[in-house]
1. Being at pLDDT 85 or above and among the polar types (S, T, N, Q): is that true of T37 here?
2. Of the conditions (1) closer than 24 Å to I142 by Cα; (2) in a loop (DSSP other than H, G, I, E, B), L27 satisfies every one except a single condition; which number is it?
3. If only one of A50, A62, A93 is out of contact with any Leu (no Cβ under 8 Å at 6 or more places or on another chain), in contact (Cβ under 8 Å) with a residue 60 or more places away in the chain and either of a type outside the set (D, E) or farther than 25 Å from G207 by Cβ (or both), which one is it?
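The values are calculated or read from the model by the stated rules, or taken from the named source; none is laboratory data. It should be emphasised that the depicted structure is a prediction, and the values quoted were computed from it without experimental measurement. Glycine also receives a Cβ, built like all others from the backbone with ideal geometry; neighbour counts cover every protein chain displayed.
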Amino acid sequence: MLKRITALALLLLVGCSSMSRLDIAPLADKPYDQRLTIAIVDFQNRSGDAGYDAVMAGLTGAFINDLNGTKQFRLIERERLSSVIDELSLSVAGLTDPETAKEVGKVLGVDALLFGNLSSVTYSTNKQTIFIAWTEGEKTEITLDARLVRTETGEILATGQASAFVKSRNWVAFGFARLGRKTDRVSTIQQALEIARQQLANSVASGAP
């Protein structure tokens, strides 16, 4: 009887993984002449951990593609914004100053600037025991946020926030037999970022005038 119970427990403890469901609201294409012209500032790591700087590479470029896919905006090339920042000897932080943003807006010919952040990354583990076996679970959750600011007035036109998680679980029996393996932290963060990034683009686009 004990053997049967143990076997059943092990079947229930098979390693698995899961992640947030991508939930995007459908948007009607906005006529091109009615779309705001915007420039997207490089996403900043505001998580409080500089170790996550490495996962920021490619985030802004991918977000631009996501936002362009919503067909709600006219987007300025990222290189043009970088060129103006260099030309005016500015930093990304300097763009939050209303007068500076206004000047950049005039030079670029944009209606608004979009600022985005990696606002948090949380990692947690848990353990559940059944008879002589136990499961080891890991969960990585990230949150992104963004705000769209009109360059002429400093008015916030839209905001958005999106969170996504990736979970994994494997089992250990007798203290040495293991099914599944430890997840790669960078890989799980990238997976969560991809989901949150697309949802954030949809959120900002749906809330923009």
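1. yes
2. (1)
3. Exactly one residue qualifies, and that residue is A62.
For every residue, the table says whether it meets (1) farther than 22 Å from D53 by Cβ; (2) at pLDDT below 95; (3) in contact with a Cys (Cβ under 8 Å, 6 or more places away or on another chain); (4) buried (at least 21 other Cβ atoms within 10 Å of the Cβ).
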| position | (1), (2), (3), (4) |
| --- | --- |
| K127 | yes, yes, no, no |
| I130 | yes, yes, no, no |
| W134 | yes, yes, no, no |
| L144 | no, no, no, yes |
| R147 | no, no, no, no |
| I156 | yes, no, no, no |
| G160 | yes, no, no, yes |
